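Accompanying notes for the structure given below.
The values are calculated or read from the model by the stated rules, or taken from the named source; none is laboratory data. Every value quoted in this text rests on a predicted model; they were computed, and no experiment measured them. Counting neighbours? That spans all protein chains shown, and the Cβs are built from the backbone with ideal geometry, glycine included. In case anyone asks, the SASA skips ligands and DNA or RNA and just uses the protein heavy atoms, side chains included. Shrake-Rupley method; radii C 1.70, N 1.55, O 1.52, S 1.80 Å.
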Amino acid sequence: MALVRQRAAQGSNATEIEKKIKRGNALRQGSAWRWSRGSVALLLGALSLCGAAVWLYVTSLDSEVTETLVSRSELVSPQPRVYAVECSEDYENCKRYPGCTPQKCGRAVTDSVVTREEAQALRRLAERGLALAGSDGGASILDLHSGALSMGKQFVNIYRYFGDQIKDVFTQEDFQLYRDVRERIQAVIAETFDLDPAMVYLTKPTFFSRINSTAAKTQHDEYWHPHIDKVTYGSFDYTSLLYLSDYGSDFTGGRFIFMDQNGNRTVEPRAGRVSFFTSGSENLHRVERVTWGTRYAITVSFTCDPAHAISDPALP
């Protein structure tokens, strides 16, 4: 498949990635402040400093969005919009799997793999599951494979915790739709990156996410930090995001941002939109903080290593 955009090679990714991650951590730490007793004037001064720190944090990162790859209002169909990037050295340091290990790297967006109606059905599935509990902070997850569900500041296994009652929450039709969508996402990734579909395996973690503007209570709630999926999870070779809600109407903030050496590039979520990319350090990324509303999505991840493959979820 022809690639419609090519990023020029630029030096060592590793050094730039390290600087960006350190910068994000330093800004995050610099925005913290402590409650102190004192006069009203001192309190107002502290609030002003806090506001300034938060403003600097947000503007220092998001003012660098130099290009919107795909806006909410666009419809990318029937073919994916593909952006080539130079592969990092990450894959050279791992066992290679012919027919799957990335030979060409990039990122892509499509609105033709999942319909809006299917995305709405999956969102209702997520809403029912997450209504059982949820994080105390702004980010909650539901993993149908492992059964992990955010509950307060920890996680529970919904299949063990709720037992047979879980069949009143989910149906076989829900799980069938989930499998069908996963297969289509896997197929478009294989086609786009010229892979052998039989060599690409679903891997963990693959999960629903619900993000709102509630303040973070634990590190699990801090979804906005820059990261590299292959470094964070190890087994990832290809990552995809299926969006279940719309940027600008269901929520604000929450855009997906690729952090490149020459600027940041963003994808605006749209219900039914699938964004996918190679998982190495060529695709350092983060999610903007959600400022209003609720953002729903599914992360679906794939590996080339059969030892890390997982099966589709099934009702117990």
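Quick notes on this structure:
- Residue within the stretch 106-123 that is assigned to a strand (DSSP E or B) and over 23 Å from Pro197 (Cα atoms) present: no
- Residue within the stretch 299-314 that is under 14 Å from Arg255 (Cα atoms), not aromatic (Phe, Trp, Tyr) and not in a loop (DSSP other than H, G, I, E, B) present: no
- Unique match (being in contact (Cβ under 8 Å) with a residue 24 or more places away in the chain and either assigned by the TED database to the domain that holds Asp111 or not aliphatic (A, V, I, L, M) (or both)) among Arg160, Arg179: Arg179
- Within the stretch 150-165, considering residues that are among the hydroxyl-bearing types (Ser, Thr, Tyr) and under 20 Å from Leu315 (Cβ atoms), the one farthest from the chain's Cα centre (by Cα): Tyr161
- Leu177 being open to solvent by 10 Å² or more (accessible area, probe 1.4 Å) and in a helix (DSSP H, G or I): yes
- Taking the criterion of being under 18 Å from the mean Cα position of the chain (by Cα), within 17 Å of Asp246 (Cβ to Cβ) and of a type outside the set (D, E, K, R), the residues of the stretch 114-149 that qualify are Val114, Ala119, Leu122, Ala126.
- Yes/no for Tyr83 being modelled with pLDDT of 95 or more, of a type in the set (Phe, Trp, Tyr) and surrounded by 19 or more Cβ atoms within 10 Å (Cβ to Cβ): yes
- Residues (open to solvent by 30 Å² or more (accessible area, probe 1.4 Å), modelled with pLDDT of 85 or more and either closer than 23 Å to His225 by Cα or not small (Gly, Ala, Ser) (or both)) located in the stretch 53-80: Glu67, Thr68, Arg72, Glu74, Leu75, Pro78, Gln79
- Within the set Thr252, Thr239, Thr203, the sole residue that is modelled with pLDDT of 95 or more, in contact with a Gly (Cβ under 7 Å, 6 or more places away or on another chain) and part of a strand (DSSP E or B) turns out to be Thr252.
- Any hit, the stretch 106-117, residues being in the same structural domain as Ser77 (by the TED database), within 14 Å of Arg295 (Cα to Cα), in contact (Cβ under 8 Å) with a residue 60 or more places away in the chain and buried (at least 19 other Cβ atoms within 10 Å of the Cβ): no
- In the stretch 142-174, residue most open to solvent (accessible area, probe 1.4 Å) [restricted to those that are closer than 16 Å to Arg124 by Cα and part of a loop (DSSP other than H, G, I, E, B)]: Thr171
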